[in-house]
Amino acid sequence: MTYKNIVITGGAGFIGSHVVRRFVKQYPDTMIWNLDKLTYAGNLENLKDIDQSPNYRFIKADITDAALMDQLFETHQFDGVIHLAAESHVDRSISHPMEFVMTNVVGTVNLLNAARKIWNGHFENKLFYHVSTDEVYGELGDEGKFLETTPYSPNSPYSASKASSDHFVRAYHHTYGLPIKISNCSNNYGANHFPEKLIPLMINNIMNKKPLPVYGKGENVRDWLFVEDHATAIDAIFHRGNIGETFNIGGNNEWKNIDLVRLLCRVMDTKLGRSEGESEQLITFVGDRAGHDFRYAIDSGKLMRELGWQPSVTFEQGLEKTVDWYLANQEWLGHVTSGAYKAYYDNMYTNR
Ligand code: NAD
Ligand code: TYD
């Protein structure tokens, strides 16, 4: 199926920018509209290599503005939606939950309403694809993995807001027949990741010889996926997944935080010509995150079996590409860590 006008919300953010790039390059006959508010996490620098493409346009807009969403859907006649815009950081959701309700829940419902209005029951060749997280399933103990059938049990304000948005998307399919798809992905890493999240924060701090703040004992486990592989999974599901279905996406790549931080230290010591073990001395155990989920792990068997998706890189390859990107793009890091980032960092990590 081909689409004329796909709107990608949150396209200036970390994952969104990789999805925009993939779609702009892969589908030259489709207009790709990047709709983004440009919060602290959105950065058009992420797209400077493709922003002159004839099939790319940027719209600065806030998804919490219902009237504006209606107007934009009407004006541009979007026939495909890939919805990534969100407040995405768990620690921020603990200090400012209401922003998560507004963007993640209200913003999602505004988009569903706008799509429903202009599609007006004519749902052939239309699609609303909602990008979500594995965190909606809650936390795992030492064993097991999340399946598409795992009951929702979100624990943080962030995951509760994403779970709520998933429920609304599903309900619009069930109630109004809106053609939807949902994917729930594990932790991503790669280029253009804002340095408030574990991997880019550690890379930035190792580069600058700053303390490496590991929450609690560092024993929590996350399942890491290279961001470009998330983009290929979204492409596969968007074009070939069945309407109304959910797909889990993951890298089958679980790491305890402390082991991952130590690995990053080793990789970067080699790249920076530092002596063995030098950066590990920066590791500092700090107070734990409130309600910190112990373990996430995704079973992406359905996606692999039904759509033939496979990750393209091993973790070692992906991490090396990521570290190389940050070392080569210190100007980008300098821009995003100036101003408000410093206040955020001081507030989050001083006296933790
Ligand atoms: P991000 O924080 O890097 O980017 C979010 C983008 O949304 C930014 O460009 C921001 O400007 C935009 N945005 C925020 N509020 C907006 C609003 N009100 N109106 C319009 N635009 C707004 O996030 P990310 O890590 O790229 O995550 C993208 C999506 O993927 C989110 O929905 C997130 O829940 C989901 N997800 C993320 C991960 C991960 O590991 N990062 C894993 C699974 C799922
Ligand atoms: P994060 O990148 O915030 O992703 P999420 O909480 O959505 O999984 O954190 C990944 C893990 O790293 C999580 O267990 C919390 C931990 N963490 C630290 O130990 N120190 C830090 O400074 C950060 C940001 C995270």
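Comparing LEU333, ALA231, THR246 along the charge dipole axis of region 229-352, the residue lying farthest to the positive side is THR246, per the Cβ-charge model. For HIS122, the accessible area of its heavy atoms, probed at 1.4 Å with every protein chain present, is near 110 square angstrom. Averaging the Cα positions of each part gives two centres, and for region 236-252 and region 8-67 these lie 21 Å apart. Candidate cross-link partners of LYS25 among the lysines, defined by an alpha-carbon separation under 22 Å and a same-chain spacing of 8 or more, comprise LYS4, LYS48, LYS60, LYS126, LYS321.
For the Cα trace of region 46-87, dividing Rg by the Kirkwood Rh returns an Rg/Rh value of 0.98. Remark: region 60-156 carries 43 Å² of accessible area per residue (probe radius 1.4 Å; ligands, DNA and RNA excluded).
Between LYS209 and ARG240, the simple spin-label model (points 7 angstrom out along Cα→Cβ) gives 5.0 nm. Expressed as a whole percent, the accessible surface of region 54-128 that belongs to carbon and sulfur atoms is 54, based on a 1.4 Å probe. Evaluated at q = 0.13, 0.15 Å⁻¹, a Debye calculation over the C-alpha positions of the chain (equal weights, vacuum) places log10 I(q)/I(0) at -1.02, -1.38.
For the chain, the relative contact order comes to 17 percent (Cα pairs under 8 Å, sequence separation of at least 6). Taking every lysine pair in region 157-222 that is 8 or more places apart or spans two chains, those with Cα atoms closer than 22 Å amount to 6. Mean-square fluctuations from a GNM of the chain, with a 10 angstrom spring cutoff on Cα atoms, peak among ASN187, ASN329, ASN208 at ASN208.
The values are calculated or read from the model by the stated rules, or taken from the named source; none is laboratory data. This one's a predicted model, so the numbers in the text were calculated from it and none came from an experiment. Cβ coordinates were reconstructed from backbone atoms using ideal geometry, including for glycine residues, and neighbour counts include every protein chain displayed. SASA here: full protein model, heavy atoms, side chains in, ligands and nucleic acids out. Shrake-Rupley method; radii C 1.70, N 1.55, O 1.52, S 1.80 Å.
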